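Read the structure below first, then the notes.
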Amino acid sequence: MPRSPFRHRWTTVHGVPTHDLHTAGPGGLPVVLVHGLAVSHRYLMPTARALATRHPVVVPDLPGFGRSGKPRFAYDVSRHAEHLAGWLDVLGLPRVCLAGHSFGAEVVARLAVLRPDLAAGIVLAAPTADPAARSRRALIGRWALDLFVEQPWQAPVLARDVADAKPWRVLATVGHSVRNAIERDLRRLPVPPLVLGGALDPVAPLRWRAEVAAMTGGVAVTVPHAAHNVMTTSGRRSADAIAAYLRTVAPVRAAAAVSP
């Protein structure tokens, strides 16, 4: 089996050990993949591996999730965005493509508004939370529907991630998600985003993704046969869409290597 190009790293930011997997790739604009609210870097690796042949890729675990440190309370959208900004500053990555999935798209949108200097490109994959389902009950109900259209082989990965985070943190983060009006950030994004999603996604449905693209001036790409976890089950197609989007972004030379 070929050796993985990805390496583990822990960086202490605001007192929290922050884990990431990273690879230097062939050069070009680094892509930072940000996970959703019940998961970790693990489920994003199909897209990360497919993208790493074309760009440097960094996949962090947000505080409280995966292998990162576990604060005593669940961070809200702003706290996660501020943490990622500090993390990118410590790593010396001043210009990146910020690519967030689900709740991670909320974090990426807030980060791009707080620190537009960091955002050379923005990818919003299956962004939450659709205003038509902006309550805990409605959002959890949509996730329940998504279970019927997802690939069952994902279950062990997702179960491990929820166990790492603890159910109380997941539920608290759901509350932070539904209280966050993402459209306020979407209207202030510094660059038009790629809005990516699966054709079968009931959590961030096509109608909502089209609204996001319209209000941001972005481009929407729909992956056939994929559901909410499009970056897990359709890693190659997701990576192709991100790489194509980045070819439309003004080229920027990475100011620092991704490797430590």
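The values are calculated or read from the model by the stated rules, or taken from the named source; none is laboratory data. Model, not experiment: these values are computed from the prediction. Here Cβ is always computed from backbone atoms with ideal geometry, including for glycine, and neighbour counts include all displayed protein chains.
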Single residue of Ala210, Ala214, Ala204 found to be in contact (Cβ under 8 Å) with a residue 24 or more places away in the chain and aliphatic (A, V, I, L, M): Ala204
Hits in the range 220-240 (condition: surrounded by fewer than 20 Cβ atoms within 10 Å (Cβ to Cβ), closer than 14 Å to Pro127 by Cβ and of a type outside the set (S, T, N, Q)): Ala220
Unique match (being within 22 Å of Arg237 (Cβ to Cβ), among the charged types (D, E, K, R) and modelled with pLDDT of 95 or more) among Arg49, Arg67: Arg49
Scope the range 52-75; condition farther than 21 Å from Gly92 by Cβ and either within 12 Å of the chain's Cα centre (by Cα) or of a type in the set (A, V, I, L, M, F, W, C) (or both); matching residues: Phe65, Phe73, Ala74
Enumerated helices (runs of 4 or more DSSP H) restricted to the range 145-260, each holding at least 2 residues that are under 21 Å from Asp130 (Cα atoms) and polar (S, T, N, Q): 167-178
Hits in the range 128-142 (condition: crowded, with 17+ Cβ neighbours inside 10 Å and either touching a strand residue (DSSP E or B) at 6+ places or on another chain (Cβ under 6 Å) or assigned to a helix (DSSP H, G or I) (or both)): Ala133, Leu139, Arg142
Any hit, the range 105-113, residues being among the charged types (D, E, K, R) and modelled with pLDDT under 95: no
Residue list for the range 99-120, restricted to those being more than 14 Å from Arg188 (Cβ to Cβ) and either of a type in the set (Ser, Thr, Tyr) or surrounded by 24 or more Cβ atoms within 10 Å (Cβ to Cβ) (or both): Ala99, Gly100, His101, Ser102, Phe103, Gly104, Ala105, Val107
Cβ pairs under 9 Å, 6+ apart, first in the range 223-241 and at negative phi and among the charged types (D, E, K, R), second surrounded by fewer than 19 Cβ atoms within 10 Å (Cβ to Cβ) and outside any helix (DSSP H, G or I): Arg237/Pro224
Leading residue by the ranking (surrounded by the fewest Cβ atoms within 10 Å (Cβ to Cβ)) among those in the range 26-67 that are of a type in the set (D, E, K, R) and over 18 Å from Ser102 (Cβ atoms): Arg67
Thr222 vs. criteria touching a Leu at 6+ places or on another chain (Cβ under 6 Å) and at pLDDT 95 or above: no
Sole exception among (1) within 18 Å of the chain's Cα centre (by Cα); (2) at pLDDT 95 or above for Arg187, by number: (1)
